[in-house]
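Quick note: the coordinates plus some simple rules give every number you see, no bench work behind them. On a predicted model such as this, the values are computed, not experimentally measured, just so you know. Every residue, glycine among them, receives a Cβ derived from its backbone with ideal geometry; neighbour counts consider all protein chains shown.
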Amino acid sequence: MANSTDRVSSTSDDLNTSVNSDGKRVMSANVWSWSRFTTAIKQGRFPVSLMLVMFIVPLSAGVAILSWGLTYTAALSSASTLANSLQEQILARIVSEVSFRIKTLERSADQQSRNWHDGYFSKATNADKEKVVDILLNTLAPNADWYTSQHFTLFPEGECWGINAYPLGPNGTYLYMPMYAYGENWTFWLSDEDGNNLAMTSSGIYNNSDIDKTDPKSAAWTPVFVAEGVGYQTHTHAIFQGGKFIGVQGADFTLDFVQDLLMKLAAAIPYRGYIYTFELSNTSDLMIGSSLDVREYDIYERNNGTAIRALTLPELAANVSGWESLHVLYDHLLQNNPTGSLLQYISQPNRPAVLELHLSDGVYLVQMTDVSSLNLHWGIIHFVQRDDILAELTKSNRKIVGTVAGVVVAGIIASVAFSYSLSRALHKITRDLMLLSDFQFKDVLQKDLDKRSGMARPSFSRIAEL
């Protein structure tokens, strides 16, 4: 009897029932009770309702988080692709405009060189040379927006004759002035109104050492030089007459066009960034253009009374406050090559297409490309702020995270509601089974609506429904 009593007592606890004064079992109307929950846990059993909640909540949360993760990853990939495409287009635009100007200059010098070769030009007398200068003026005038001078230097005389175009304002008006120099090193002199030389202002800015005096097709570019605070580069082409080398035909352009182009493109991009152009060589990488305002960042300097020159990458990188981006870039180059050569890095076939460099105001995506023709070799570098590109995505991501959190909360509420509804149905079925075990069939089938003492008939029966 003791064992039977214990078993009945345990069953009564599980069913949350009690015995009324008539000796009949009465089941609690509470679908969930803390006592049944704790009893089940102590016995090592998880209530069905808890299992349902534990299944539905992680499922809904997992689906929501997975959906967010896949969406955000796809959006991040799209944003990165957009940034890379933007940089590629900017670099392609620079390469296109620079290449066009370079080729225009080279074609002009090549055409004039053929005029010498075919006998249209002559150096026999000063009058003949003046006629050549007049033709050079007619060539330069419609192309002054592309290059600034046309000239020729004779060998072995060392005479230089030519014409220069000086812009008078932003409206495309130019002042054309002839230029004359003597000696293989082109020199500039201050002169009075009568043409008398007063003082030499600069020298050594021009040479034809890269021209092969035995090859009629020989052509070359001089290194970047600075005159009157402006960067220049000169293209020269060998001149032959009667099978003999008689000099070089040349043309110049200023590097202001590079500066103007970089600043214009940087201003058109809605993201923070920098664009730089360097002249690349085996000995040094010289800055020739920057998207930064040159009034704040002068890319040339004069040392100890010597000619003004372009600054090298290591010199710029040493100024951390003014050129932080180049400082970080140069440190990265040093990690790949002890010389820190930009030329060697750009020339690597397997270098990363995009670098991520950390500056004080965030992470920058960096792409590089180069332009080359004959012995001219320029490197172009574009920095763009990654956080600026991802700003809209980050802003949208906050909304998505809020939506995901709402979905998870809704999933929890739905799982609890569903679990409660199912537990309530099971609770009623259990109550009906208890009535059946007590042989109270009319109460279960709701045929007799009279109430018996101590036990209220159910108002709804799942068994009757089935």
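How big is the charge dipole of the range 106-168 about its Cα centre, in debye rounded to the nearest 20, if each Lys and Arg gets +1 on its Cβ and each Asp and Glu gets -1 on its Cβ?
Here the range 106-168 has a charge dipole of around 40 debye.
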Legend entry - Ordering of 234-240, 172-178, 211-217 by burial proxy (mean other Cβ atoms within 10 Å per residue, highest first): 234-240, 211-217, 172-178
Legend entry - Radius 11 Å from Cβ of residue 313, net charge of other residues (Lys, Arg +1; Asp, Glu -1): -3
Inset, instruction - Decide, for the range 225-340, between rounded, prolate and oblate: order the square roots of the alpha carbon gyration tensor eigenvalues as a ≥ b ≥ c, take rounded if a/c falls under 1.5, and otherwise choose prolate if a/b is larger than b/c, else oblate. - result: prolate
Legend entry - Local electrostatic count, residue 337, Cβ distance below 15 Å [Lys/Arg +1, Asp/Glu -1]: -1
Legend entry - Order by protection proxy (mean Cβ within 10 Å, highest first), peptides 352-361, 218-227, 135-144: 218-227, 135-144, 352-361
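Under Stokes-Einstein, with the Kirkwood radius over Cα pairs standing in for Rh, what whole-number D in µm²/s applies to the range 314-379 at 37 °C and 0.692 mPa s? Let's see the in-between values first.
Details: Rh = 12.9 Å.
The estimated diffusion coefficient comes to 255 µm²/s.
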Inset, instruction - Please list 326-335, 146-155 highest first by mean number of surrounding beta-carbon atoms within 10 Å per residue. - result: 146-155, 326-335
